[in-house]
1. I need the peptides 112-124, 93-105 ranked by packing, meaning the mean over residues of other C-beta atoms within 10 angstrom, with the highest value on top.
2. Taking all protein chains as present, what is the carbon and sulfur share of the accessible area of the chain, in % to the nearest whole number, probe 1.4 Å?
3. For segment 164-181, take each phi angle, set θ = phi - 60°, evaluate the Karplus expression 6.51 cos²θ - 1.76 cosθ + 1.60, and give the result in whole Hz per residue in order, putting x for glycine and proline.
4. In Å and on Cα atoms, what radius of gyration and Dmax does segment 55-107 show?
5. In deg cm²/dmol, rounded to 500, what helix-only [θ] at 222 nm does the chain give when every DSSP H run of at least 4 residues adds -39500 (n - 2.57) and the total is split over its residues?
6. Arrange the peptides 52-62, 24-34 so that the one whose residues have, on average, the most other Cβ atoms within 10 Å appears first.
7. Quote to one decimal, in nm, the extra length available between A60 and E143 on full extension: 0.36 nm per residue of separation minus the C-alpha distance between them.
8. Give me the percent relative contact order of the chain, please, defined on Cα pairs under 8 angstrom at least 6 residues apart.
Amino acid sequence: GEAHPDLVRFNDLTGTGTVALDYQGDLGGGIHVTAGAVGELRTAFPLALAPRVALVFLPAPDVSTRLSYAEGTRAPDRYDMAALAQAIVGGQAGGAAPNDDLKPERVRMLEAGAGYAPSAALKLSADVFALRHEDARAAVVAEALRVPTNLAPRHVLGGELVTRVEPQPGLTFDGGAALARTIDGPDLAF
């Protein structure tokens, strides 16, 4: 497209360095653990750490249970170009402006699940999760310019059921249902 100083008021070069660590172990008694973390250092935003850990317990050969915790951080996108183009075409905004106070999004999630696989032809699993989403990014229009902003924290509960059936080799049916609901804070649909 065509750049114009009155339409886009941000021009910068950024860099990112990433380090990842991972550990997997068998603790005996049917207990397995995986843990890891990713660290990102960005020139435009602060250091982001994304740790995770999962414990898996296998009480029987065809039954598994899992408990996991993970965090994730995402640098804020100063401009969502597709949304900006739609806003301009729709007459909602004439351009974009940065928000110097914009913070990275952060999600913390705790998940528990169980699986049942009596054979290779049948697998069932159920998971429930709770998450806290901090500083989610949204956009507001101020003085005909689309400006990114952070939302208040929200808490979400959800779960899913998944099944896989293979009645004969080469013929597989997959099905599932999932539900997530915001219980506190800005609605997930926002």
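The values are calculated or read from the model by the stated rules, or taken from the named source; none is laboratory data. Please read all numbers here as calculations on a predicted model, not as lab measurements. Cβ coordinates were reconstructed from backbone atoms using ideal geometry, including for glycine residues, and neighbour counts include every protein chain displayed. Surface accessibility is based on the protein's heavy atoms, side chains included, excluding ligands, DNA and RNA. Shrake-Rupley method; radii C 1.70, N 1.55, O 1.52, S 1.80 Å.
1. Taking the mean over residues of other Cβ atoms within 10 Å, the ranking is 93-105, 112-124.
2. Details: 7300 of 12180 Å².
That fraction is 60 percent.
3. Per residue, the Karplus-derived 3J(HN,Hα) values read 9, 10, 10, x, 8, x, x, 10, 10, 10, 10, x, x, 9, 9, 8, 9, 9 Hz.
4. Rg and Dmax of segment 55-107, Cα atoms, are 21.3, 62 Å.
5. Estimated from H runs of four or more residues: -1500 deg cm²/dmol.
6. 52-62, 24-34
7. Result: 23.6 nm gained on full extension.
8. Averaging sequence separation for qualifying contacts and normalising by length gives 15 percent for the chain.
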